[in-house]
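Let me begin by presenting the structure, written as structure tokens, before commenting on it.
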Amino acid sequence: MEEEKKSLNFIEQIIEEDLANGLRKDQIRFRFPPEPNGYLHVGHTKAICINFGLGEKYNAPVNLRFDDTNPEKEEQEFVDSIKKDVEWLGFQWDKELYASDNFQQLYEWAVKMIKEGKAYVDEQSSEVITEQRKNPAEDGIESPYRNRPVEESLDLFERMKNGEFEEGTMSLRAKIDMTSPNMNMRDPVMYRILKRPHHRTGTQWKIYPMYDWAHGETDYIEQVSHSLCSLEFENHRPLYNWYLDQVFEENDSNIAPKQREFARMNVSYMITSKRKLQRLVAEKSVTGWDDPRMPTISGMRRRGFTPTSIRNFIDKVGVAKRENLIELQLLEFCVREDLNKVAKRVMAVVDPVKLIIENYPEDKEEWLETENNPEQEGAGTREVPFSRELYIEREDFKEEANNKFFRLKLGGEVRLKSAYIIKAERVEKDADGKITTIYATYDEKSKSGSGTEESLRKVKGTLHWVSAKHAIPVEVRVYDKLFTVEQPDAEKDVDFLNFINPESVKLIQGFAEPALKDAAVGEPLQFQRIGYFTKDQDSTEDKLVFNRTVTLKDSYKPE
């Protein structure tokens, strides 16, 4: 029992304590509450996996709740993309809800607070309010409107709602404590005037609730038992609880949500600021939100990352209270580990040089059997075409090489995968001395799997290849880190765009076996001996495009 307790993370320990203190299992409910003002990124995957993972552990419902209180930045496009990302990660929510569902209730509660003397309409600008709040080391200055008559605030708040005042002319503030060392408690703004259409409520509302006011009260309405958020909201917890106290009635049978915070996830060579991601898109440093170099879930999906690999990554990172920088290599390790199990093995040549087997009949072609994935039970086999003229990788051949070079060299032998043993005899070069063609001979009796003595003969190198006659041209996009430094936004005085990696993507023209014509967009593939790839959505019948997900191997080993 003691060992089981030790294996629980600190959030699970809190839940277990709550259960021991009277919380019923059927009262446990979680939520994932994104603001629909952008695409989800790698940092959000932690919150998604924590909330939905706890839902699975405790057999508890999880709401997908959109905190849509800012019509200036929110769009239906982002709502749709968020739903797609959560589903793609393999999670299913219990209810799809919106903070805007509760605008009327939130307004009525705000009116109640005004009547109780706990909120007032302030006619100062946001700049003046900020200045009066001062800093934690000195007391704030009370607004001259702080003690205005209740009836006056009620009248002004109603007129704010009706659109009688311009943006920025007044706001509704909670009356708490202007001397509190916690800045969030210094009469925070509850409502501001925004005459902007909302993606769900249209032009119905001219005032919108601030996040802190809407969030906790919405948790209460939904009866969320544990409101889990990132560490930046730790100082907001006293305000979260104070707001809840204002709506919690005596003899209320509902439970009060409990806010608890976990460390955000920062990954090296990535940024997770929505504002900065927006700049990357707006200034065309990337092709869009789903650019495979972006840390967005849609970008990672397009690059070929798998849901399982991301969930395994979050599991390895764990749930901590202290923030730290997670190595990008750990994420790539998890991707590589999963792709090794699920990716179909195919043959493609990304830097081709022609190889002609001179003693192979010109009019002959064979279809040779090869495994789809030796790591996956039941993956089966397929046939690949073989002919006299092939393409191999340019780096797989040298005219002269030492004994440590186990690929093809003049006078040397290698096995062509699933095919024959060949021997390089001579080369042809262009006027610049570049090799254009390698000429070789083959051992007719050395065919893989034929069972002959020659087929069992051992040679040190095995090369992949593509039949020139059957090859399909492909564009290969080789992706690298988007930034050249681990923390591109760490220096406040330096623009993070200065660290864009000019080599973050390379476009290469290659050839692939004909089976790749039928590959599905997003299907995981291993280009044998090269890396893991996936077919991109830019592909057409005339032009196939493949994105490199990760390299085949890496020296990184997780602790």
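The values are calculated or read from the model by the stated rules, or taken from the named source; none is laboratory data. Values in this document were obtained by computation on a predicted structure and should not be read as measured data. Glycine gets a Cβ as well: all are built from the backbone with ideal geometry, and neighbour counts include every protein chain shown. SASA here: full protein model, heavy atoms, side chains in, ligands and nucleic acids out. Shrake-Rupley method; radii C 1.70, N 1.55, O 1.52, S 1.80 Å.
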task = Quick one: what are the phi-derived ³J(HN,Hα) couplings along the stretch 504-518, Karplus 6.51/-1.76/1.60 with θ = phi - 60°, whole Hz, x for glycine and proline?
result = 6, 8, 10, 9, 10, 9, x, 10, 9, 5, x, 4, 5, 4, 8
inquiry  = Accessible area of the stretch 314-460 with a 1.4 Å probe: how many percent of it is carbon plus sulfur?
reply    = 41 percent
Amide proton proximity set for PHE66, modelled H, under 5 Å, gap of 5+ = LEU97, TYR98, ALA99
inquiry  = Which one, PHE533, ASN37, PRO307, projects farthest toward the positive side of the charge dipole computed for the chain from Cβ point charges (K/R +1, D/E -1)?
reply    = PHE533
task = Identify all lysines with a Cα-Cα distance to LYS543 below 18 Å; exclude those on the same chain that are fewer than 8 residues away in sequence.
result = LYS469, LYS506, LYS517, LYS535
task = Would you grab the residues whose amide H sits under 5 Å from the one on TYR191? Only those 5+ places off in sequence or on another chain, please, with H modelled 1.01 Å from N.
result = LEU172, MET210
task = Using per-residue counts of other Cβ atoms within 10 Å, averaged over each peptide, order 22-32, 373-383, 195-205 from highest down.
result = 22-32, 195-205, 373-383
ask   = What size of dipole, in debye to the nearest 20, comes out for the stretch 1-96 about its Cα centre when the only charges are +1 on Lys and Arg C-beta atoms and -1 on Asp and Glu C-beta atoms?
value = 220 debye
remark   = Scalar couplings 3J(HN,Hα) for the stretch 266-272 by Karplus 6.51 cos²θ - 1.76 cosθ + 1.60 (θ = phi - 60°), nearest whole Hz, x for Gly and Pro, are 10, 10, 4, 6, 10, 10, 10
request  = In whole Hz, with x marking every Gly and Pro, tabulate ³J(HN,Hα) for the stretch 364-369 from phi via Karplus 6.51 cos²θ - 1.76 cosθ + 1.60, θ = phi - 60°.
outcome  = 9, 9, 10, 10, 9, 7
Size of electric dipole in the stretch 467-559: Cβ of Lys, Arg +1 and of Asp, Glu -1, about Cα centre, debye, nearest 20 = 540 debye
Heavy-atom surface of the stretch 449-520, accessible at 1.4 Å and reported per residue (Å²) = 57 Å²
query = Under Stokes-Einstein, with the Kirkwood radius over Cα pairs standing in for Rh, what whole-number D in µm²/s applies to the stretch 167-300 at 4 °C and 1.567 mPa s?
reply = 72 µm²/s
inquiry  = Over the Cα atoms of the stretch 233-359, each weighted equally, I'd like the Debye log10 I(q)/I(0) at q = 0.16, 0.21 Å⁻¹, rounded to two decimals.
reply    = -0.98, -1.22
query = Can you pull the percent of the stretch 475-547's accessible area that's carbon plus sulfur, 1.4 Å probe, other chains left in place?
reply = 45 percent
query = For the chain, what proportion of DSSP beta bridges, expressed in % and rounded to the nearest 5, is antiparallel?
reply = 65 percent
inquiry  = Placing one identical point scatterer on every Cα of the stretch 411-472 and ignoring solvent, what is log10 I(q)/I(0) from the Debye formula at q = 0.17, 0.22, 0.23, 0.29 Å⁻¹?
reply    = -0.66, -0.95, -1.00, -1.22
task = Please list, or write none, the lysines whose alpha carbon is within less than 25 Å of the alpha carbon of LYS161, excluding same-chain residues fewer than 8 places away.
result = LYS73, LYS112, LYS115, LYS118, LYS175, LYS195, LYS206
request  = Name the residues whose placed amide hydrogens come within less than 5 Å of the amide hydrogen of THR549, ignoring near sequence neighbours (fewer than 5 apart) on the same chain.
outcome  = TYR532, PHE533, THR534
ask   = Which order, highest average first, do 511-522, 441-452, 180-191, 400-411 follow once you tally other Cβ atoms within 10 Å for each residue and take the mean per peptide?
value = 180-191, 511-522, 441-452, 400-411
inquiry  = For the stretch 21-177, what does the accessible surface come to per residue with a 1.4 Å probe? Please give it in Å².
reply    = 44 Å²
query = Using unit Cβ charges (K, R positive; D, E negative) and no other charged atoms, how large, in debye to the nearest 20, is the dipole of the stretch 386-541 about its Cα centre?
reply = 1000 debye
request  = Using packing as a proxy for protection, rank 497-507, 543-553 so that the peptide with the highest average count of other Cβ atoms within 10 Å comes first.
outcome  = 543-553, 497-507
key: Within the stretch 238-307, GluC sites (Glu not before Pro) in DSSP loop having at most 13 other beta-carbon neighbours inside 10 Å   = GLU249, GLU250, GLU283
remark   = For LYS25, the lysines lying under 23 Å Cα to Cα, once residues fewer than eight places off in the same chain are dropped, come out as LYS5, LYS6, LYS57, LYS95, LYS258
query = How big is the stretch 424-559 by the Kirkwood estimate over distinct Cα pairs, in Å?
reply = 19.1 Å
